[in-house]
Amino acid sequence: MDLSHLIVALLALVVGVAAGVILARVVPVRPTSPDGAAPGPDAVAGPVNALLAPLRQTLDALGHEFAVAERSRVAAFAGLREQIGTVARTSEALRAETATLRSAMKSSTVRGRWGELQLERVVELAGLSRHCDFSTQYGAAVGESRVRPDLVVHLAGGRNLAVDAKVPLDAYLQLLEAPPSEHAALLSDHARRFRSHVVQLAGKRYWEAVGSPELVVMFVPAEAFLDAALQADPDLLEFALDRNVVLATPTTLVAMLRAVALAWRQHALGEDAGRIQALGRELNERFDVLNSHFSTLGSALGRTVEAFNATVGSYNARVGVTARRLSDLASMPDGAREEPLELTLTPRAVPTGSDSRFSQP
């Protein structure tokens, strides 16, 4: 019996008790008939119904509310069942996908490609651009042997940094499926494989092939892989650094590459400052040339004004006197002739190279 049925039963019991109390109060006070008989059922039912009418209305309203609540409960239960079914189907699909991924990760080729994709995403997340700031599958030679790091980050100043994304994960994948009693042995095997891979990377000497600082970055695609190895071998980081190998998870590699991106920006600012200095020097030289042209033009304008004033003086002193005498003759037409005026303006002096604000001292 659920809670709603229990409440209905309790209410029915309360109603029965209330009806009994009412009947006990009503029946004794009814007058008897003239013949001394007790009042009939019809005589008692009227007052009882009148007293029970509010209670009946309340019970009807309560029954309606219970019906609505029951329908809502059924609908909610149906929706919950549907949601649980959806969650179950999603969990099953996720379990299948996880099993597929785990099976795929057992292949070294798939693991290597996944590590390379993770590495490329981390490098792009750090703000570096392909073919400008980094290159993939960079082939180079160390002595007579050929090496091919998974990624080479181009550093400012013409240097490069080799990154390798091939990480041994066989023992870790076995750890995920093994019982707890085998975890310690598999963790030790996982750490031992990490050490072995560090020794292999150090022996490849990528820094000689790509012209990088004397180190190589061993990229670990997930934090859990390195954490598991460090649980069994706490000295693994120091062991790798002693052999010029840097163990980098996505978090640490992003921080490292952000520093590389900042160095590139600083390098670009330095190159821009050098170009600005060269352009300023060139502009200064051209200002000096333009200044000399202005000086030559000003001198020419001064000589032109002097020649003009000399011509006006000669005209007024000689040609104008004769012209005035001709105009005084009666046979000549009347009319005043204005004499040309000399120019009083002279070109401003152009500052010399030592006075020019564009010239260097």
Margin query: Quick check: from the Cα gyration tensor, does segment 174-269 come out rounded (a/c under 1.5), prolate or oblate?
Written below: prolate
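Please report, in debye to the nearest 20, how large the charge dipole of segment 137-246 is about its Cα centre when each Lys and Arg carries +1 at its beta carbon and each Asp and Glu carries -1 there.
Details: 10 positive and 15 negative charges, 105 e Å.
Here the size comes out at about 500 debye.
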Notebook entry, point to check: For 94, 151, what's the largest-to-smallest order of accessible area, 1.4 Å probe?
Noted result: 94, 151
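For segment 228-302, with all protein chains present and a 1.4 Å probe, just round the carbon and sulfur fraction of the accessible area to a whole percent.
Numbers: 2990 of 4700 Å².
The nonpolar share, carbon plus sulfur, comes to 64 percent.
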Margin query: I'd like the accessible area for residue 289, computed on protein heavy atoms only with a 1.4 Å probe and all protein chains in place. Round to 10 Å², please.
Written below: 80 Å²
Notebook entry, point to check: Rank 256, 218 by accessible area, highest first, at a 1.4 Å probe radius?
Noted result: 256, 218
Note to self: At 1.4 Å probe size, put 172, 206 in order of accessible surface, largest to smallest.
What the structure shows: 172, 206
Next item on the list: Please give, to one decimal in nm, the separation of the simple spin-label points placed at residue 263 and residue 75, each 7 Å out from Cα toward the Cβ.
Entry: 6.6 nm
Margin query: Could you tell me the calculated FRET efficiency between residue 293 and residue 342, based on Cβ-Cβ distance and R0 = 25 angstrom, to the nearest 0.05?
Written below: 0.35
Notebook entry, point to check: Considering only protein heavy atoms, what is the solvent-accessible area of residue 176 at a probe of 1.4 Å, reported in Å² to the nearest 10?
Noted result: 90 Å²
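The values are calculated or read from the model by the stated rules, or taken from the named source; none is laboratory data. This is a predicted model, so every value here is computed, not measured. Note: ideal-geometry Cβ built from the backbone for every residue, glycine included; neighbour counts use all protein chains shown. In case anyone asks, the SASA skips ligands and DNA or RNA and just uses the protein heavy atoms, side chains included. Shrake-Rupley method; radii C 1.70, N 1.55, O 1.52, S 1.80 Å.
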